[in-house]
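Trainee: Supplied in structure tokens, the structure appears directly below.
The values are calculated or read from the model by the stated rules, or taken from the named source; none is laboratory data. These numbers come from a predicted model, not from an experiment. Reconstructed Cβ throughout: ideal geometry from the backbone, glycine too, with neighbour counts over all protein chains shown. Calculation scope for accessible area: heavy atoms of the full protein, side chains included, ligands and nucleic acids excluded. Shrake-Rupley method; radii C 1.70, N 1.55, O 1.52, S 1.80 Å.
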Amino acid sequence: MLTTSDLLVIGAGPAGSAAAISARRSGLTVTVIDKASFPREKCCGDGLTTGALRHLEELGLDPAMIPSWRTVSDVQVAGPERKLITFPLPKGRGQFAAVARRSELDAALVNLARAAGAHVVENTALESISQHSDRVEVRAGGRTYEAKMIIAADGMWSPTRKLLGLATEGYRGDWHGFRQYFRNVSPQASQELCVWFEPDLLPGYVWSFPLADNTANVGFGILRNTGNRDSGPSIQDMKTLWPDILQRPHIRKVLGNDAMAEAPHKALPIPARLPNTVLTDRRVIFVGDAARATDPMTGEGIGQALETGMLAASIISEVGIDSPDQATTNYERTLRAGMVRDHQLAGLLSKVLATKIGASASLRICSLTPWTRRNFARWLFEDYPRAVLGTPKRWERGLFHRQGAFTEPASKST
Ligand SMILES: Cc1cc2nc3c(=O)[nH]c(=O)nc-3n(C[C@H](O)[C@H](O)[C@H](O)COP(=O)(O)OP(=O)(O)OC[C@H]3O[C@@H](n4cnc5c(N)ncnc54)[C@H](O)[C@@H]3O)c2cc1C
């Protein structure tokens, strides 16, 4: 059996769904395959930055369709001294941060892709790819898919990258994240987004992100191989470290004594190596985690997945589906002039956060005045690109005064 379309998207996470929706809107025929069936679990902190929220709004997502959606108005961050400091986000101008279970968010995005006219095929894993002078051919789930171009949105382990011989030997991600849901958390944990830069995890951190119904996504991330990894915990230590982290008095106090762990904890690698990654190959463009596009300082990758997915689709439709060389060139050029620069800066700052002195000093500087607190929160949550000051081409009027997302009161945004 042969399925033919202009564009084949491999993977229907945020990157793939965003690409599919954008491509359909510009008139391309789109098939999306995913090995999972939705809703599916995805190990994540579930935190949505301002950048991610603006992209979700542009894609037509309605927060009311996500039962776990929780808007966040302030960010609480503690340095190695463990005292939470409030960093306020703008008020009354839309949403600047939110949290939503990935199982629900990703399923809603897949629904939007279908509604936009994409042919979404679930339970269908990629098996092989062959690139030809005029098309690509893919075998998946016992069928053949033919397209002019592929957007590879198949996550951290990107089978597309492997099949094309572009995987980095021994690469297992740059961060490793570990998370568990807790129900019946304290009023504080059910409202506030908290981050603790624990001295033994630097530049990693512990998080508690609030969800609806007195639930929180709690977890921690550590950097692999660099930073203070010589002295810090290894990936193998994470499971044994978890009960210890949960018992730390400042964390336990926020979660509350009645907090109860839900389902088993999960851990996954996080790829944050955009500047040194092959981003395209003939008729294939890598996006999201498959492009290793998560932020190297925070491990946030949903916004980057949405942005790269939308960018790849818009470039393909702009240059025309029969111009893969132009599409791949433009995609690489755009990322290298923008997001790659953001990641280089974030990578440098992550090195500063890797020591206790660096983390303490950074937080002290960011919390000096109400102005620095407000602006740090907006920078951290990607209200504007991280390295925007160093990339004048991205300057635009009103950049620092933009509205958040969903400025119309969303039906469910408390
Ligand atoms: C513990 C942890 C916490 C995190 N916390 C946050 C956070 O709070 N905020 C944030 O912004 N980011 C966070 N991230 C990062 C974020 O989860 C990722 O960056 C994001 O999921 C990337 O989206 P994606 O669409 O590129 O990939 P994915 O969401 O991984 O989607 C890839 C899709 O490809 C499919 N696929 C895989 N193999 C195949 C195959 N062979 N054939 C077909 N389909 C296939 C998968 O089924 C999947 O649906 C966290 C990550 C981890 C691990």
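Trainee: Once you wrap a convex hull around the alpha carbon atoms of the stretch 56-118, what is its projected area averaged over all directions, in nm²?
Mentor: With the hull built on Cα positions only, its mean projection is 5.8 nm².
Trainee: Moving on. What are the GluC sites (Glu not before Pro) within the stretch 1-67 that DSSP puts in a loop, where the Cβ has at most 14 other Cβ atoms within 10 Å?
Mentor: GLU41
Trainee: Additional query: Cα axis of helix 356-366 to longest principal axis of the chain: angle in degrees, 0 to 90, nearest 10?
Mentor: 90 degrees
Trainee: Under a crude label model (7 Å from the Cα following the beta-carbon direction), how far is LYS351 from HIS265 in nanometres?
Mentor: 3.1 nm
Trainee: Whose amide H sits under 5 Å from the amide H of GLU300, counting only residues 5 or more places off or on another chain, with H placed in the peptide plane?
Mentor: Distant-sequence amide H within range of GLU300: ASP295.
Trainee: Right, next: Using θ = phi - 60° and the Karplus form 6.51 cos²θ - 1.76 cosθ + 1.60, what ³J(HN,Hα) does each residue of the stretch 261-268 get, whole Hz, x for Gly and Pro?
Mentor: Along the stretch 261-268, the couplings run 5, 9, 6, x, 6, 9, 9, 8 Hz.
Trainee: Report the Stokes-Einstein translational diffusion coefficient (µm² s⁻¹, integer) for the stretch 164-267, Rh taken as the Kirkwood radius over Cα pairs, at 4 °C with viscosity 1.567 mPa s.
Mentor: In µm²/s, the coefficient is 89.
Trainee: Next up: Counting only residues 5 or more places away or on other chains, whose amide H sits under 5 Å from the amide H of THR3 once H atoms are built in the peptide plane?
Mentor: THR144, TYR145, GLU146
Trainee: Further question: Using θ = phi - 60° and the Karplus form 6.51 cos²θ - 1.76 cosθ + 1.60, what ³J(HN,Hα) does each residue of the stretch 141-158 get, whole Hz, x for Gly and Pro?
Mentor: Each residue's phi maps through the Karplus curve to give x, x, 10, 10, 10, 10, 8, 7, 9, 10, 9, 8, 10, 9, x, 3, 8, 3 Hz.
Trainee: With equal scatterers on the alpha carbons only and no solvent term, can you work out the Debye log10 of I(q)/I(0) for the chain at 0.12 1/Å?
Mentor: For the chain at q = 0.12 Å⁻¹, log10 I(q)/I(0) is -0.95.
Trainee: Under 1.5 on a/c is rounded, so check that first for the stretch 327-367, then, if it is not, pick prolate when a/b is larger than b/c and oblate when it is not; a ≥ b ≥ c are the square roots of the alpha carbon gyration tensor eigenvalues.
Mentor: Verdict is prolate for the stretch 327-367.
Trainee: What does the extension gain come out to for GLU122 and LYS91, with contour length at 0.36 nm per residue minus their alpha carbon separation?
Mentor: 7.2 nm
Trainee: While we're looking at this one, here's another question. Can you give me the long-range amide H partners of ILE270? Hydrogens built in the peptide plane at 1.01 Å from N, cutoff under 5 Å, separation of 5 or more residues or another chain.
Mentor: The answer is ASP174, TRP175, HIS176, GLY177.
Trainee: If you average the C-alpha positions of the stretch 311-351 and of the stretch 230-305 separately, how far apart do those two centres end up, in angstrom?
Mentor: What the calculation gives is 24 Å, centre to centre.
Trainee: Right, next: Leaving out ligands and nucleic acids, note down the accessible area per residue over the chain with a 1.4 angstrom probe, in whole Å².
Mentor: 42 Å²
Trainee: Given the protein chains as shown and a 1.4 Å probe, how many square angstrom of ARG402 are accessible, to the nearest 10?
Mentor: Roll a 1.4 Å probe over it and ARG402 shows about 80 Å².
Trainee: Provide the FRET efficiency to the nearest 0.05 for the SER133-LEU2 pair, computing r from the beta carbons and using R0 = 25 Å.
Mentor: 0.85
Trainee: Could you rank TYR384, TYR331 by how accessible they are, 1.4 Å probe, largest area first?
Mentor: TYR384, TYR331
Trainee: Still on this model: For HIS132, HIS343, HIS250, give me the order by solvent-accessible area with a 1.4 Å probe, most accessible first, ignoring ligands, DNA and RNA.
Mentor: Final ranking, largest accessible area leading: HIS132, HIS250, HIS343.
Trainee: Here's a follow-up. Considering only protein heavy atoms, what is the solvent-accessible area of LYS42 at a probe of 1.4 Å, reported in Å² to the nearest 10?
Mentor: Number for this one is 50 Å².
Trainee: Another one. Roughly how many whole Å is it from the C-alpha centroid of the stretch 166-224 to that of the stretch 3-65?
Mentor: Each part reduced to its Cα centre gives a spacing of 23 Å.
Trainee: Would any residue of the stretch 340-358 have its amide N under 19 Å from a label point 7 Å out along Cα→Cβ of ARG248? List them or say none.
Mentor: Within reach of a label on ARG248: 350-358.
Trainee: Now for a different question. Roughly how many percent of the accessible protein surface of the chain is carbon and sulfur, given a 1.4 Å probe and a whole-percent answer?
Mentor: 53 percent
Trainee: Can I ask one more? When the Kirkwood hydrodynamic radius is evaluated over all pairs of different C-alpha atoms of the stretch 276-341, what value in angstrom, to one decimal, is obtained?
Mentor: 11.9 Å
Trainee: Further, regarding this structure: Could you run the Karplus curve 6.51 cos²θ - 1.76 cosθ + 1.60 with θ = phi - 60° over the stretch 391-398 and give me ³J(HN,Hα) per residue in whole Hz, x for Gly and Pro?
Mentor: Taking θ as phi minus 60°, the curve returns 10, x, 4, 8, 6, 8, 4, x Hz for the stretch 391-398.
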